[in-house]
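Trainee: The structure follows.
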Amino acid sequence: MQNVLDTLRERGFIAQITYEDELYKQLEKEPTVFYVGFDPTATSLHFGHFIPIIAMAHMQRAGHIPIALVGGGTAMIGDPSGKTDMRKMLTVETIDHNVSCIKKQMERFIEFGDGKARIVNNGDWIRNLGYMDFLRDVGSLFSVNRMLTAECYKQRLERGLTFLEFNYMLMQSYDFLQLFKNYGCRLQMGGDDQWSNMLAGADLIRRKEQEAAFACTFKLLMNHEGKKMGKTEKGALWLDPDLCSPYDFYQYWRNIADADVEKCLSLLTFLPMDEVRRLSRLEGSEINEAKKILAFECTKLVHGEEEAQKAQMAAAALFGGGAAADVPTFEWIKADMEADNRLTTLLNICGLCKSKSDARTQVQQGSVLVGESKAEDVNMVITADMIPTDGLLLRKGKKSFCRIILK
C-alpha cells in the first residue's frame with residue numbers, strides 16, 4: 001500500500017518535512033496521531049483552510065488519526081505570520097462563538113468519534129496557564145536569537161513586533177507538547193507559512209520529552225501567475241454558504257484559468273490521479289468539462305451533493321440564456337426601490353459592485369446586462385414593471401450574476 005506521504009506528494013501537497021525518512025517509518029509502523037491548527041478569527045473557515053482539511057482527510061483515509069486544534073487560546077494573541085500589522089484583539093466571547101461555529105463546519109470534512117478524529121480547543125490549557133511556570137518550563141528552552149531569524153518575525157521587525165506576538169511561537173509549540181502528552185500526537189501539519197512555528201514545536205518535544213516528533217507543511221495554492229487563489233471581488237472565498245453561496249463557490253472554480261486545472265483537481269478533489277491527468281490533457285473548449293467536474297467536486301465537498309447539483313443546474317440555466325431559482329438572489333424591498341431605483345444603486349446594494357462609483361464605471365464600460373440588454377445609461381432606473389415574477393437577472397461581466405426579486 002502506498003505511504004500517505006507519497007499520495008500527498010503525488011497530488012502536490014508537500015512543501016517541507018522534518019526527519020522525512022523517520023516519518024515514513026512512523027506512518028508505516030502504526031496509526032499516527034497528527035494535528036492541524038485553525039485560527040478562530042471569524043465565524044467561518046475559508047479557502048485558506050481547505051487544503052489542510054483535504055490533506056487531513058487523505059491522512060484519515062490512510063488510517064491515521066486527526067486532531068483539529070481550534071485556537072481558542074492563541075487567538076487571544078494572534079499569529080504574526082504573514083502580517084504587516086498586529087491583528088485586531090478579539091474578546092473571549094467572540095473567540096468562543098467563532099470556535100463553536102468552526103467546530104460545526106469541520107464535521108463536514110472529517111469523520112469524528114471514538115477512535116477517529118477529535119476537535120480540541122487550546123483555550124482549555126492556555127487560558128489558565130501560569131506565566132511564571134510557563135517561562136520556567138518552556139521559555140527556558142527557546143533561544144531569542146534563533147527566534148528572530150524566523151521569517152514570521154523578520155517580516156514584522158521593521159514595523160514593530162509586540163512582545164505579545166513574540167510569544168506566539170512559544171504558545172504554538174506548547175500546543176504540540178500538550179497534544180503529545182494528552183493524545184500521543186507526533187505530527188503537526190499545516191500551511192508552509194507556519195514552518196518556523198512547527199519546527200519549534202517538534203523541537204520542543206524532542207528536547208523536553210526525548211521523543212520523536214515531526215512537522216510537515218503544505219504548499220499554498222497559487223495560480224499559474226504566482227498569485228494566491230481563493231480571493232474574490234467580495235473578499236475571501238468562505239466555506240459558509242451565508243458568506244459565499246454554493247453557486248458563487250461553484251462559479252469560482254468553474255472559471256479558473258486552463259493552466260490551473262490540473263493543480264486544482266489534484267489538490268481539491270479525491271479523483272484518482274489517472275482521471276486527473278486525463279481531464280487535464282483536454283484541450284480547447286473540452287477543458288471546460290474538466291472545470292465543470294472540478295467545480296462540482298469542490299462544491300460537493302463543501303456544501304453537499306444536493307447544493308452542488310443546484311449550483312450546476314443554475315450555471316447551466318444562466319449560460320443557456322435563462323434564469324434559475326438557485327442563482328444568487330437579492331430581495332429588493334419595494335419601499336427601498338421607490339426611494340432610489342437607480343441601476344447603479346441596485347448594482348451596489350445587491351453586491352455585484354463594490355460601490356456606486358464602481359457601478360457607474362462598469363456601466364460605462366459596457367459590462368452590465370439587465371436581463372438580456374446591455375445597460376448603456378449610468379442614469380438608468382429599474383421600475384417594478386421591469387421585474388418579472390421569477391426575478392430580473394443582472395449580470396456584471398461574464399462571471400457575476402444576481403437575480404432581483406421585488407418584495
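Trainee: Under 5 Å between amide H atoms, partner at least 5 residues away or on a different chain: which partners does LYS219 have, H built in plane at 1.01 Å?
Mentor: Hits under the 5 Å cutoff: ILE14, ALA15.
Trainee: Something else: What does the highest-first list of 363-370, 114-121 look like by mean Cβ count within 10 Å?
Mentor: Highest-to-lowest ranking by the protection proxy: 363-370, 114-121.
Trainee: Between ASN255 and TYR19, what FRET efficiency comes out of the Förster formula 1/(1 + (r/R0)^6) with R0 = 56 Å and r the beta carbon distance, rounded to 0.05?
Mentor: The pair TYR19/ASN255 has a calculated efficiency of 0.85.
Trainee: Report, for the range 4-218, the % of DSSP beta bridges that are antiparallel, rounded to 5.
Mentor: Bridges in the range 4-218 are about 15 percent antiparallel.
Trainee: Ranked highest first by the average count of other Cβ atoms within 10 Å around their residues, in what order do 237-245, 20-28, 174-182 fall?
Mentor: Per-residue Cβ counts within 10 Å, averaged per peptide and sorted highest first, yield 174-182, 237-245, 20-28.
Trainee: Based only on the alpha carbon positions, what is the Kirkwood hydrodynamic radius of the chain, in angstrom?
Mentor: Kirkwood radius, the chain: 23.5 Å.
Trainee: Per the Kirkwood treatment, what hydrodynamic radius in Å, one decimal, follows for the range 272-386 from the mean inverse distance over all distinct Cα pairs?
Mentor: Roughly 16.9 Å, rounded to one decimal.
Trainee: Give the lysines reachable from LYS154 as a straight Cα distance under 17 Å; neighbours fewer than 8 places away on the same chain don't count.
Mentor: By straight Cα distance, LYS154 reaches LYS83.
Trainee: HN-Hα J couplings of the range 139-144 from phi, Karplus 6.51/-1.76/1.60, θ = phi - 60°, integer Hz, Gly and Pro as x?
Mentor: Ordered by residue, 3J(HN,Hα) equals x, 5, 9, 10, 8, 4 Hz.
Trainee: Still on this structure, I have one more. Could you tell me which of LEU347, GLN362, ILE387 has its Cα farthest along the dipole of the range 329-406 towards the positive end, charges placed at Cβ (Lys, Arg +1; Asp, Glu -1), taken about the Cα centre?
Mentor: Farthest towards the positive end: GLN362.
Trainee: Quick one: what do you get for the range 131-244 if you divide its Cα Rg by 2.2 N^0.38 Å?
Mentor: Ratio of Cα Rg to 2.2 N^0.38 Å: 1.28.
Trainee: Using only alpha carbon positions, build the gyration tensor of the range 329-406, then give the equivalent ellipsoid semi-axes as the square roots of 5 times its eigenvalues, largest first, whole angstrom.
Mentor: Calculated on Cα positions only, the semi-axes equal 17, 13, 11 Å.
Trainee: Report the charge-dipole magnitude of the chain in Debye, nearest 20, computed about the Cα centre from +1 at each Lys and Arg Cβ and -1 at each Asp and Glu Cβ.
Mentor: 540 debye
Trainee: Fewest first, what order do VAL302, VAL99, VAL261 take by the number of other Cβ atoms within 10 Å?
Mentor: Least to most surrounded, the residues fall as VAL99, VAL261, VAL302.
Trainee: Further question: For ILE205, what charge total do you get from the other residues with a beta carbon under 12 Å from its beta carbon, if Lys and Arg give +1 and Asp and Glu give -1?
Mentor: +1
Trainee: Can you find, among VAL99, ALA213, ALA57, the residue sitting farthest towards the positive end of the charge dipole of the range 4-218, where Lys and Arg contribute +1 and Asp and Glu -1 at Cβ?
Mentor: VAL99
Trainee: Here's something else I'd like to know. Starting from one equal scatterer on each C-alpha and no solvent at all, send me the Debye-based log10 I(q)/I(0) for the range 4-218 at q = 0.09, 0.13, 0.19 Å⁻¹, two decimals.
Mentor: Treating every Cα as an identical point scatterer, log10 I(q)/I(0) equals -0.33, -0.72, -1.62.
Trainee: So for the pair ASN182, LEU129, with labels modelled 7 Å out along Cα→Cβ, what separation do we get in nm?
Mentor: My value for the distance between the label points is 1.3 nm.
Trainee: For LYS310, give me every one of the aspartates and glutamates with a C-alpha distance below 15 angstrom, ignoring sequence neighbours fewer than eight places off in its own chain.
Mentor: ASP248, GLU297, ASP326
Trainee: Next question, about the same structure. Where both partners of a DSSP beta bridge lie in the chain, what percent of those bridges are antiparallel, to the nearest 5?
Mentor: Counting DSSP beta bridges with both partners in the chain, the antiparallel share is about 45 percent.
Trainee: Per residue of the range 249-260, in order, report the coupling 6.51 cos²θ - 1.76 cosθ + 1.60 (Karplus, θ = phi - 60°) as ³J(HN,Hα) in whole Hz, putting x for Gly and Pro.
Mentor: 5, 4, 5, 4, 6, 5, 10, 5, 5, 3, 5, 9
Trainee: What pairs in LYS116/LYS208; LYS374/LYS396; LYS231/LYS354; LYS291/LYS398; LYS103/LYS227 have C-alpha atoms more than 18 Å from each other?
Mentor: LYS116/LYS208; LYS103/LYS227
Trainee: Moving on. Can you list the GluC sites (Glu not before Pro) in the range 141-207 that are in a DSSP coil and have 16 or fewer other beta carbons within 10 angstrom?
Mentor: Sparse-neighbourhood loop GluC sites (Glu not before Pro): GLU158.
Taken together, the values in this text are just the output of simple stated rules run on the coordinates, not laboratory data. Predicted model only: the values in this text are computed from it and were never measured. All Cβ positions, even for glycine, are placed from backbone atoms using ideal geometry, and neighbour counts span all protein chains on display.
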